[in-house]
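The values are calculated or read from the model by the stated rules, or taken from the named source; none is laboratory data. Owing to the predicted nature of the structure, the values given are computational and were not obtained by experimental measurement. Here the Cβ positions follow ideal geometry from the backbone for every residue, glycine too, while neighbour counts run over all protein chains shown. Side chains included, ligands, DNA and RNA excluded: accessible areas come from the protein's heavy atoms. Shrake-Rupley method; radii C 1.70, N 1.55, O 1.52, S 1.80 Å.
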Amino acid sequence: MEPTVTVPRPDAETTLVEKAYAVLRRAILRGETLPGEKLKIDVLQKEHAISSSPLREALNRLTAEGLVTAEGNRGFRVAPISLEDLQDIVAMRVMLEREAVEASIAQGNDEWEARIVAAFYRLEREEKRIVGDGAPLSEEWSERHRDFHMALLSGTGSRRLINLCASLFDQAERYRRLSAIYRKRPRNKTFEHKRLMEAVLARDAALATALLREHVEKTAQNVANAMKAQAEAAVD
C-alpha cells in the first residue's frame, strides 16, 4: 500500500503576513501612504482587519527592503525621500543592473529572449492605449514596465542579483511616480525601451549597458527636477 502523502496547507498566520505585506507595500509604491508618514499598528489593524503580529512582520520585511524605517520602540514610518537617497538608489541600480544585463547577454537562451519580446509587447500595447485615451500612467503600465525591466535581467543565473535589482527598482518606483505626476512634457518611453530591447537581443553589451544607464539616469533627473519644483512651490 502506497504511503499517504500529506500536502502542506498554508499557515493562516503566514497568509495574513503576505496579505499585510502586499497591502502596505502597494500603498507605499502608489504614493497613497506618503513618505515620512507614521504607520500606526492600531490604525492599520482597523483599516485592514489584520492583527498586530502579521502587521509587524510585514513592516519588518518592508524595512529590510528600504520602503519603511523602524524607529525602535516608537514604531514605523514610510521611508522618507530625498535627492541624496535618489542618487544612491540610481548609483546602485546602474551598477547592479549593468552586471545583470552583461551576465544575461552572455548566458541568456532562447527562452530569455522570448520573455523580453513578450514583456515589451505587453508594455508597448499598454502605453499605446494610454496615449490613445489621453490617460495618465496606469497601474497596469507600472506592472508591465517592471516586468520588462526584470525580463532584461532574467538571463543571469544569480537569483540574489535579480532580487537585489528588483528591490532597488521598487525603491525607485516611488520616485518615478513623483516624476510622472509633475512632468510637463511627455517622454517617449516606448522608443527608449525598444532601443534597449534591440541592443540586448543583439547581444551588444556595451550599447545595452549605456542605454540602460541613460534610461535610469534620465528618470532620476526628471524626478530631481520635480522634487526641486515642488520644494520651490512650497516656499512660495
When we measure straight from the Cα of residue 218, which aspartates and glutamates land under 13 angstrom away, once same-chain ones fewer than 8 places off are left out? 192
At the level of C-alpha centres, the distance separating the range 21-96 and the range 108-131, in angstrom, is 30
Given [x] 31, 27, 17; [y] 28, 21, 18; [z] 35, 18, 15 as candidate values of semi-axes √(5λ) of the Cα gyration tensor in Å, which corresponds to the one derived from the coordinates? [x]
Keeping every protein chain present and rolling a 1.4 Å probe, give me the accessible area per residue for the range 47-129 in Å². 55
In nanometres, what is the gap between the two model label sites at residue 30 and residue 84, each 7 Å from Cα along Cα-to-Cβ? 3.2
With +1 on the Cβ of every Lys and Arg and -1 on the Cβ of every Asp and Glu, and nothing else charged, how large is the dipole of the chain about its Cα centre, in debye rounded to the nearest 20? 520
Each label point is 7 Å from the Cα along the Cα-to-Cβ direction; what then is the distance between the points at residue 177 and residue 217, in nm? 2.7
Whole-percent carbon and sulfur contribution to the accessible surface of the chain (1.4 Å, no ligands, DNA or RNA) stands at 52
What does the helix-only formula give at 222 nm for the chain: each DSSP H stretch with n ≥ 4 adding -39500 (n - 2.57), the total divided by the residues, and the result rounded to the nearest 500 deg cm²/dmol? -25000 deg cm²/dmol
Taking 0.36 nm per residue of separation and subtracting the Cα-Cα distance, what length does fully extending residue 23 through residue 198 add? 59.4 nm
Gain on full stretching of the segment that runs from residue 107 to residue 140 - 0.36 nm per residue minus C-alpha separation: 8.9 nm
Rank 92, 227 by accessible area, highest first, at a 1.4 Å probe radius? 92, 227
Straight distance only, please: which lysines reach the Cα of residue 19 with their own Cα at less than 25 Å, same-chain residues fewer than 8 apart left out? 38, 40, 46
Ordering of 143-156, 211-224, 24-37 by burial proxy (mean other Cβ atoms within 10 Å per residue, highest first): 143-156, 211-224, 24-37
By a straight-distance test (C-alpha under 17 Å), which lysines pair with residue 128 as possible cross-link partners, with residues fewer than eight away in the same chain excluded? 189, 194
